[in-house]
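The values are calculated or read from the model by the stated rules, or taken from the named source; none is laboratory data. Only a predicted model underlies this, so the values are computations on that prediction, with no experimental measurement involved. For neighbour counting, all protein chains shown are included, and Cβ atoms are generated from backbone atoms with ideal geometry for every residue, glycine included.
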Amino acid sequence: MKLFTRKSALASVVFLMACLIGFGCRSTDQAASSSLASVTISGNTPGQIREAATDVFRRNGYQVARTDPATLVFEKQGSGMSNFAYGSWLGDEPIWMRVKVNIVPAGEMTFRLQCSAYIVRDRGGVTEEELPVSKVRKGKYKKLLEEVARQFTRK
């Protein structure tokens, strides 16, 4: 009894080749897929978007840690629950929340504002460690970015 006939073997090879070609030709948007949350903003300059993002994050308790033309880094001290959950039980080295925001061109006068968030242990120390925030918690960061986008729809 034959398990595979020539015809079924050929069909299997053709199917596998089609799958490989299909996956190989797919282009990925690495920046968007690696971000925690993102929004698209049209009709504004990166400078205007950067200014609005800075305003929104400051109003939400973050301080500006770094800024350059395409990247902003915001930080704020973690809550007591964050300190307990991520290892600062004695309170001597508080946990910090760090959000890295990028402004990425997405078309003519269209930009994607995207962010990644991290829990930071030993902030500024020799053993500083960034732990990525789970995608389960992306809602909070998506709301911040949507608040930035709303700054432009009100005008």
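Can you name the residue in segment 109-139 that is touching a residue at least 12 places away in the same chain (Cβ under 8 Å) and of a type in the set (Ser, Thr, Tyr) and, of all such residues, is farthest from ARG150 (Cα to Cα)?
TYR118
Does segment 81-99 contain any residue that is crowded, with 17+ Cβ neighbours inside 10 Å and within 18 Å of SER34 (Cβ to Cβ)?
yes
Looking at the structure I just gave you, is ASP68 surrounded by fewer than 12 Cβ atoms within 10 Å (Cβ to Cβ) and either under 25 Å from the mean Cα position of the chain (by Cα) or modelled with pLDDT under 95 (or both)?
It is true that ASP68 is surrounded by fewer than 12 Cβ atoms within 10 Å (Cβ to Cβ) and either under 25 Å from the mean Cα position of the chain (by Cα) or modelled with pLDDT under 95 (or both).
Inspect segment 130-145 for any residue being in a loop (DSSP other than H, G, I, E, B) and over 17 Å from the mean Cα position of the chain (by Cα) and give the result as yes or no.
no
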